[in-house]
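Written out below as structure tokens is the structure these notes cover.
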Amino acid sequence: MAKKLLRVLAGERLDTPPIWLMRQAGRYLPEYREVRAKAGTFLDLCYQPELATEVTLQPIRRFGFDAAILFSDILVVPDGLGQQVWFQEGEGPKLTPVRTAADLKPLAPDRVVAHLGPVYEAVGRIRAALPDEVTLIGFAGAPWTVATYMVEGGSSRDFLHAKGWLYREPSSFRELMQKLVEATVRHLSAQVEAGAEVLQLFDTWASALPEAAFREWVIEPTRAIVGELKGKHPAVPIIGFPRGAGLLYRDYVAETGVDAVSLDTSLPLGWVVDELQQHVAVQGNLDPAALVAGGKAMQDAIANIKQTLAGGPHVFNLGHGIVPQTPPEHVADLVAAVRDVR
Ligand code: CP3
């Protein structure tokens, strides 16, 4: 009997949806904070296979999720390309910005896999340690979202440097995106070769682009990555997460070749049933703030998501990552509610 997540990603409808949560390892867990404190910096944690394995397994032990997601970050790819990346305590990621064609020259996609050896070692260790019924998910940031961090030099509200570049000089912006497509394919293939069974592409800032730019810088690069991965690893399902894409979710699904889409919190579920779930498996989409609140509001939201998406392939998840303020008991309540078949 195949694992539940793999069955659903292959298009099967199950009475009880499999469940995992984006950012299921992290600061809301005391056992994570303990390992994090002894690791040093956040990137030190990502690059120590033993510790990355331990924090990946923590939420599996505590909650019994149907899938584990590799503990890593989307910004290990710019780090592997040769850009300087660091995490400022309390401030989030910082990068030496890449803003011109000349800045692109030193970035080397063929160096990524050699640089990220400890990540693939963690994948192998996690896979060996997981219970038979739990699926291992590998991931990367999609090129547009990773480019926003590379060009802005960190998090941003308006993406004016990245968008300014793609509007004023699309030819050199395309070179950056081509390097990211190549680096992402190499990084995801290496994860599969080390033991990842499913891949997810996080396009967190897909919401920032108007239609024409969305087609060129979200759909096109994603389609290129999915096409190359399907050539190398045809049996490995790919979940796309074009967060905030609204109506463009439909064309993202139709044109990229992903096997499933992760739904952000704002998508109306009736529309999802009619427009997306006919074509691919859907994953989501409880509001992370409802998980912080817990109680009746959370239970009502869970019941509504389960019922509305029950007619087709559905993976239960949040609409975005868990926030550090989440009480771990609410996560246990969520898992129990999703598995309670009435
Ligand atoms: O889901 C998981 O449990 C796997 C691990 C994972 C992390 N980041 C660990 C992390 C995954 C899948 C990511 C993806 C990621 N990283 C995204 C896309 C998904 C999303 O949330 O939108 C983005 C945009 C990043 C970049 C990033 N990494 C930011 C903006 C930050 C700082 C914000 C914050 O929460 O502190 C990080 C740091 C980060 N990545 C942490 C974790 C657990 C917190 C670091 C710490 O322990 O101090």
Tally the residues that are polar (S, T, N, Q), within 16 Å of the ligand (Cβ to nearest atom) and more than 20 Å from the chain's Cα centre (by Cα), restricting the search to segment 145-184. 0
In segment 190-229, which residue that is under 18 Å from the mean Cα position of the chain (by Cα), free of Cβ contacts under 8 Å to residues at least 40 places away in the same chain and open to solvent by less than 10 Å² (accessible area, probe 1.4 Å) is farthest from Ala128 (Cα to Cα)? Ile219
Working only within segment 110-128, note down all residues that are open to solvent by 60 Å² or more (accessible area, probe 1.4 Å) and closer than 29 Å to Pro17 by Cα. Arg125, Arg127, Ala128
Counting only residues that are within 24 Å of Tyr47 (Cβ to Cβ) and either free of Cβ contacts under 8 Å to residues at least 40 places away in the same chain or open to solvent by less than 60 Å² (accessible area, probe 1.4 Å) (or both), how many does segment 152-174 have? 3
Just wondering, is there one or more residues in segment 118-127 that are within 14 Å of the ligand (Cβ to nearest atom) and of a type in the set (Lys, Arg)? no
Right, Arg13: more than 16 Å from the ligand (Cβ to nearest atom), out of contact with any helix residue (DSSP H, G or I) (no Cβ under 7 Å at 6 or more places or on another chain) and open to solvent by 50 Å² or more (accessible area, probe 1.4 Å) or not? yes
Those helices (runs of 4 or more DSSP H) completely within segment 36-106 that have 1 or more residues that are more than 8 Å from the ligand (Cβ to nearest atom) and within 30 Å of Thr16 (Cα to Cα) are 49-63
Looking at (1) within 28 Å of Val192 (Cα to Cα); (2) within 16 Å of the ligand (Cβ to nearest atom), which one does Gln325 not meet, given that it meets all the others? (1)
Ser262 - would you say it is within 16 Å of the ligand (Cβ to nearest atom), under 30 Å from Glu193 (Cα atoms) and at pLDDT 95 or above? yes
Can you tell me which residue among Val134, Val98 is buried (at least 20 other Cβ atoms within 10 Å of the Cβ) and over 25 Å from Ala208 (Cβ atoms)? Val134
Test: residue in segment 237-257 that is touching an Asp or Glu at 6+ places or on another chain (Cβ under 7 Å), more than 16 Å from the ligand (Cβ to nearest atom), outside any helix (DSSP H, G or I) and open to solvent by less than 40 Å² (accessible area, probe 1.4 Å): yes
Identity of the residue in segment 289-342, polar (S, T, N, Q) and touching a residue at least 40 places away in the same chain (Cβ under 8 Å), that ends up most open to solvent (accessible area, probe 1.4 Å): Gln325
Hey, among the residues in segment 26-35 that are within 11 Å of the ligand (Cβ to nearest atom) and over 17 Å from Ala122 (Cβ atoms), which one's farthest from the chain's Cα centre (by Cα)? Arg33
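The values are calculated or read from the model by the stated rules, or taken from the named source; none is laboratory data. Computed from a predicted structure; not experimentally measured. Virtual Cβ from ideal backbone geometry, glycine too; neighbours counted across all protein chains shown. Note: accessible area is taken over every heavy atom of the protein model, side chains too, but ligands, DNA and RNA are not part of it. Shrake-Rupley method; radii C 1.70, N 1.55, O 1.52, S 1.80 Å.
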